[in-house]
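Some notes on the structure that comes next.
The values are calculated or read from the model by the stated rules, or taken from the named source; none is laboratory data. The structure displayed is predicted, hence computed values, not measured ones. Glycine gets a Cβ as well: all are built from the backbone with ideal geometry, and neighbour counts include every protein chain shown. Side chains are part of the model used for accessible areas, which takes the heavy atoms of the whole protein and leaves out ligands, DNA and RNA. Shrake-Rupley method; radii C 1.70, N 1.55, O 1.52, S 1.80 Å.
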Amino acid sequence: MATTKTDPKLPVAANGAKKGKLYQGLTREQLIQAYRIIYTSRRIDDREILLKRQQKIYFQMSGAGHEGIGVAAGLALKPGYDWFYPYYRDRALCLALEVKPYEMFLQGVGAADDPSSGGRQMPSHWSYPQLHIVTQSSPTGSQILQAVGCAEAGRYLARHPKAAEVPSSSSPDYRQFKNVRFQGDEVTYVSLGDGTSSEGEFWEAMNAAALGKLPIIFCVEDNGYAISVPVEVQTAGGSISRLVSGFPDFHFEEVDGTDPVASYAAFQRATRYCREGHGPAFVHAHVIRPYSHSLSDDERLYRPDAERERDAQRDPVTRTQMFLLREAILDEKGINQLEKEVEAELQVAVDAALEALPPVPESVTKFVYSPDLDPESSIFDTKALAPPEPAADGKKPAAKTMADLITMTLRDEMQRDERIVIFGEDVADCSREEYLKRKLVKGKGGVFKLTFGLQCEFGNDRVFNAPLAEAAIVGRATGMATRGLKPVVEIQFFDYIWPAMMQIRDELSVIRWRSNNGFSCPVVIRVAIGGYLTGGAIYHSQCGESVFTHIPGLRVVFPSNSQDAAGLLRTAIRCDDPVLFLEHKRLYRESFGRAAYPGPDYMIPFGKAKVVQPGTDLTVITYGAVVPRALQAAQKLEREQDVRVELIDLRCLNPFDWDTIAASVTKTNRALVAYEDTLSWGYGAEIAARLADQLFDQLDAPVRRVAAKDVFVAYQPILEDAILPQPNDLYLAMKELAEY
Ligand SMILES: Cc1ncc(C[n+]2csc(CCOP(=O)(O)OP(=O)(O)O)c2C)c(N)n1
Ligand SMILES: [Mg+2]
């Protein structure tokens, strides 16, 4: 630990501390060091507040009042060994883990050299890969599920050490760029405020940690307020300890977090419990918040003086100082000297940070995606195996459905890469393994059966059911992927992806960018999407892909046939970016687009459309389940009117293949964009806008769109047919456009 080493010459009190006396296991030197960190932390806050008032930094968030528990956690845990998901009040923890004050000031000024984010995030959003302090965001509590995933990854790697190896494969994949580290007994730390314990993700995380008996410490830093909302309005009964006390296999601590010695003892016990593999721990630390919520908040508006003065009695700075004096560990002179040293060190750090260069504007798009592995590159362009010969009796082998080839691709990739884990709702064959072993049941393997057989083949630590909690599925996967695993998770229906939206938009997609390439999490999320189901209704039939193509950092794929699904899923798994892999339910077992097994290395690069049929008169740009419908309409139009439609299946929505679209429209001079999602603000709007912008001179007709009506998908098939684009709608639009 420590930012600067304890000076052995610091004057101790005249009567001298009892040599060798330990305080809950802490030595005299460690206690002096603890005070140095506590004092440094407070003074950094003070300096930042000044700098903010001078408009030299742009935001300030203080750790004041939380220093005691922070330094205690930092002393009990090991940087670069254990893993840390702190929150914004954990300045003292970070200092104890050896983050330098200079680095903190670099955050404030938003310097290019700020190791946390290179000027992309607010200060107090810690990220230090070497120390295992994982990038954090601003949404309260969204780090907690990732910490669970991090702890799961540590345990998985200890059980599957070979998975950590990087193969010297001729076909590179994300593993080349993921330095996997594990110890076998590492502990994951995650902290949050008392108010944040109201977030659903907190409870999902507690549940998952208890279910897995994971080595993770939850530290609730309870300062009694969430901005202006007091704890009794936030937490039923006013005590989070009481509420969580029923979680099994936890070790619980409730401690005065302004007392670093008591806090250290609590953390030591918690750490030991986790390291020995007994399960998770929960540390409830009562702290204070002397500086209002942030510099934008004035707590005098909602806290009377008497209450604030009561808190001040427990200030960890004065408290620790008094402790050192009382125990004769340092005398007044020693305290003064230490404080002077800290002031001098901070002055140097502030001066240097104010001189630091800001990032250059051209850097803004760096690290949205992996700089190492481009999924559009030719590495991912491999040939399919030749289809099998017909049998002796002349019978052709049955072509595979999209469902078949997705399952086969998952199996191939799991064989190839031991870092792949699959989890989600109902994806396992059977959670009660003994039923499978005794051959009492066949197994389920997903509501659409796409993961059938995988648990039996690869074991239940590689394929398992998750609790019914979508944020937890994506959040845990994100934490695992940050550690180097490759989770391929399933969201059962697109309609239920929304609880995971915070994790997808504010975490998964932005972790690489916000940490300036310090961390990455290339998860694959498979999602069953779409309608044309006759009976799916509002909550089993929706599309909505444009919501996700709107997110920088996320690849979005939407295949329309078996072979494309296999090739694109393999690219998704081997790629170094997070991918949303949309599987149209109606196409899973459709006779359209069946194909032979293309082999275990078949890949299609992202962003390459497929020309389903060439034509000269009109370009139709589409994807997913509209592809077979548009093809039907185009064939009818050709038969009846001799209009030749060029039909483009985008296959991948982000990135998308502008070159193929542009070449086609330049040839046909007419464009129709067709998609299953609701018309307004949909995916086609972007394509239409680009066509108008970049190919205006080439167009002989307005760009048209055919899509669903701007309502939800209804249950009664007559209504569903009226809502979703049908072959006849496509036919009429094509005809009209050709005649324009
Ligand atoms: C999901 C989300 N909602 C709201 C906010 C705005 N916000 C930031 S901090 C905060 C209060 C947090 O209180 P608590 O968890 O007790 O932590 P403390 O700041 O007291 O340490 C709120 C409401 C946010 N950042 N994220
Ligand atoms: Mg609070």
| said: Any residue at all in the stretch 287-297 that's on the phi < 0 side of the Ramachandran plot, away from ligand 1 (no atom under 14 Å from the Cβ), of a type in the set (Gly, Ala, Ser) and open to solvent by less than 50 Å² (accessible area, probe 1.4 Å)? | reply: no
| request: Scan the stretch 567-587 and give yes if some residue there is within 22 Å of Gln726 (Cβ to Cβ) and basic (Lys, Arg), otherwise no. | output: yes
| said: Quick check on the stretch 177-201: of everything there that is more than 13 Å from ligand 2 (Cβ to nearest atom), part of a helix (DSSP H, G or I) and of a type outside the set (D, E, K, R), which residue is surrounded by the most Cβ atoms within 10 Å (Cβ to Cβ)? | reply: Phe177
| request: Output the number of the condition that Glu221 fails; it satisfies all remaining conditions of (1) away from ligand 2 (no atom under 16 Å from the Cβ); (2) touching a His at 6+ places or on another chain (Cβ under 7 Å). | output: (1)
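Quick one: which residue in Leu330, Leu324 is closer than 23 Å to Lys21 by Cβ, assigned to a loop (DSSP other than H, G, I, E, B) and modelled with pLDDT of 95 or more?
Leu330
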| Count of the stretch 479-507 residues which are away from ligand 1 (no atom under 16 Å from the Cβ) and either in contact with a strand residue (DSSP E or B) (Cβ under 8 Å, 6 or more places away or on another chain) or not β-branched (Val, Ile, Thr) (or both) | 18
| query | What residue, among those in the stretch 72-97 that are in contact (Cβ under 8 Å) with a residue 60 or more places away in the chain, open to solvent by 10 Å² or more (accessible area, probe 1.4 Å) and aromatic (Phe, Trp, Tyr), is nearest to Glu152 (Cα to Cα)? | reply | Trp83
| said: I'd like the full set of residues that are part of a helix (DSSP H, G or I) and exposed (fewer than 13 other Cβ atoms within 10 Å of the Cβ), limited to the stretch 377-434. | reply: Ser378, Gln415, Glu434
| Filter result for the condition that a residue is over 18 Å from Cys150 (Cβ atoms), open to solvent by less than 60 Å² (accessible area, probe 1.4 Å) and in contact with an Asp or Glu (Cβ under 7 Å, 6 or more places away or on another chain), over Ala270, Ala266 | Ala266
| request: Name the one entry in Gly237, Gly246 that is small (Gly, Ala, Ser), over 24 Å from Gly74 (Cβ atoms) and part of a loop (DSSP other than H, G, I, E, B). | output: Gly246
| said: Condition first: in a helix (DSSP H, G or I), under 21 Å from Arg505 (Cα atoms) and open to solvent by 10 Å² or more (accessible area, probe 1.4 Å). Now tell me which residues in the stretch 535-584 satisfy that. | reply: Ser546, Val547, Thr549
| field | Which listed residue is under 28 Å from the mean Cα position of the chain (by Cα) and aliphatic (A, V, I, L, M), from Leu243, Leu301 | value | Leu243
| message | Testing Val611 on (1) in contact with a Leu (Cβ under 8 Å, 6 or more places away or on another chain); (2) assigned to a loop (DSSP other than H, G, I, E, B); (3) not hydroxyl-bearing (Ser, Thr, Tyr), one condition comes back false. Which one is that? | response | (2)
| query | If you take the residues in the stretch 208-221 that are open to solvent by 10 Å² or more (accessible area, probe 1.4 Å) and not in a helix (DSSP H, G or I), which one is nearest to ligand 1 (Cβ to nearest atom)? | reply | Pro215
| query | Among the numbered criteria (1) within 13 Å of ligand 2 (Cβ to nearest atom); (2) more than 29 Å from the chain's Cα centre (by Cα); (3) open to solvent by 20 Å² or more (accessible area, probe 1.4 Å); (4) at positive phi, which single criterion is violated by Ile227? | reply | (2)
| note | When Glu253 is run through (1) over 27 Å from the mean Cα position of the chain (by Cα); (2) within 16 Å of ligand 2 (Cβ to nearest atom); (3) without any contact (Cβ under 8 Å) to a residue 60 or more places away in the chain; (4) surrounded by 14 or more Cβ atoms within 10 Å (Cβ to Cβ), the failure sits at (2)
| The listed residue being closer than 23 Å to Ala73 by Cβ and outside any helix (DSSP H, G or I), out of Phe252, Phe267 | Phe252
| remark: The strands (runs of 3 or more DSSP E) lying wholly within the stretch 629-740 that contain at least 1 residues that are β-branched (Val, Ile, Thr) and open to solvent by 30 Å² or more (accessible area, probe 1.4 Å) are 671-678
| task | Just one of (1) open to solvent by 10 Å² or more (accessible area, probe 1.4 Å); (2) away from ligand 2 (no atom under 16 Å from the Cβ) trips up Ser239, so point out which. | result | (2)
| field | Of all residues making up the stretch 71-91, the number that are aliphatic (A, V, I, L, M) and within 20 Å of Thr196 (Cα to Cα) | value | 1
| When Arg438 is evaluated against the numbered criteria (1) over 13 Å from Leu569 (Cβ atoms); (2) open to solvent by 10 Å² or more (accessible area, probe 1.4 Å); (3) touching a residue at least 60 places away in the same chain (Cβ under 8 Å), which criterion, by number, is the only one it fails? | (3)
| remark: For the stretch 524-534 the number of residues that are in contact (Cβ under 8 Å) with a residue 60 or more places away in the chain, farther than 13 Å from Phe558 by Cβ and assigned to a strand (DSSP E or B) is 0
| task | For the stretch 385-413, name all the residues that are touching a Lys or Arg at 6+ places or on another chain (Cβ under 8 Å) and acidic (Asp, Glu). | result | Asp412, Glu413
| request: Name, by its number, the condition in (1) buried (at least 20 other Cβ atoms within 10 Å of the Cβ); (2) over 21 Å from the mean Cα position of the chain (by Cα); (3) more than 10 Å from ligand 1 (Cβ to nearest atom); (4) among the small types (Gly, Ala, Ser) that does not hold for Ala205. | output: (2)
